[in-house]
1. Please list, in order, the residues from segment 105-121 whose amide nitrogen is less than 17 Å from a point placed 7 Å along the Cα→Cβ vector of residue 37.
2. Please list, in order along segment 94-107, the HN-Hα scalar couplings obtained from phi with the Karplus expression 6.51 cos²θ - 1.76 cosθ + 1.60 (θ = phi - 60°), rounded to whole Hz, x for Gly and Pro.
3. Students often get this wrong: which residues of segment 108-149 have the backbone nitrogen under 16 Å from the point 7 angstrom along Cα-to-C-beta of residue 88?
4. From the backbone phi of segment 149-154, what are the Karplus-calculated ³J(HN,Hα) couplings (6.51 cos²θ - 1.76 cosθ + 1.60, θ = phi - 60°) in whole Hz, Gly and Pro given as x?
5. Given 0.36 nm per residue, what is the gain on full extension from residue 105 to residue 175 after removing their alpha carbon distance, in nm?
6. Taking a quarter of the surface of the Cα convex hull of segment 56-175, what do you get in nm²?
7. Which one of 51, 77, 41 is farthest out on the positive end of the charge dipole of segment 27-119, using unit charges on Cβ (Lys, Arg +1; Asp, Glu -1) and the Cα centre as origin?
8. In whole Å, what are the Cα extents of segment 92-155 along the three principal axes, biggest one first?
Amino acid sequence: MRRLLSAVAVTGFLLAGMPSAITYAQGLPGLTLFSGVKSENQLSYRLDFGGQRNDWDRYRLRIPGKKLGMAVEKFVIAYPDYYTGEFDTKEIEIQIGGKKGKKVAVSEVKWDKEGKVIEIYPKEAIPAGKSVELILSNVENPDFPGTFYFNCLIQSPGDKTALTRYVGTWIIGIN
């Protein structure tokens, strides 16, 4: 009888902790097999509040240093026309150097709602080879669930033609 009660108690504790573990896992990218985006072009991200539809969230869009072969003076995030979420341009930050990295001041953020593009200008150019995290706080997720491809492009200082270069794609899932 003791063994049975112990097994029931342990099972209860495991099941009680499972929803929070599931919620935590939903904020991270999973394994994507048939996305149309080559694995070397898929960028990692984190949704701090679980990526729930019609709810507030914080997007942590990561770019590894190996993808930034040159300095960056502008980040461009292009997202699909069926993404209906809202961004707070006053709550966008840049952090370089990983989790314990340093914040870089943002001089300007432009959001073209009709063109479905966000342009982020750091006050000073981001050096080549540094890992970057673009932090978008106070994001209102779309009303409906789906998978949304956010493309990352960069512009380097000294580009005479203002050419943006493709870096990769964040495949963001909203539940």
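Since every read-out is calculated from the coordinates, none of them should be taken as a lab result. Since this is a predicted model, take the numbers as computed values, not measurements. With ideal geometry, Cβ positions are generated from the backbone for all residues, glycine too; neighbour counts draw on all protein chains shown.
1. 116-119
2. With the stated coefficients, segment 94-107 comes to 10, 10, 10, x, x, 4, 9, x, 10, 6, 10, 5, 9, 7 Hz.
3. Only 109, 135-142 fall inside the zone, counting backbone N under 16 Å.
4. These are the phi-based 3J(HN,Hα) values: 9, 9, 8, 10, 10, 10 Hz.
5. Full extension from residue 105 to residue 175 adds 22.0 nm.
6. Dividing the Cα hull surface by four gives the mean projection, 7.2 nm².
7. The one lying farthest along the dipole's positive direction is 41.
8. Rounded to whole Å, the extents work out to 36, 23, 20 Å.
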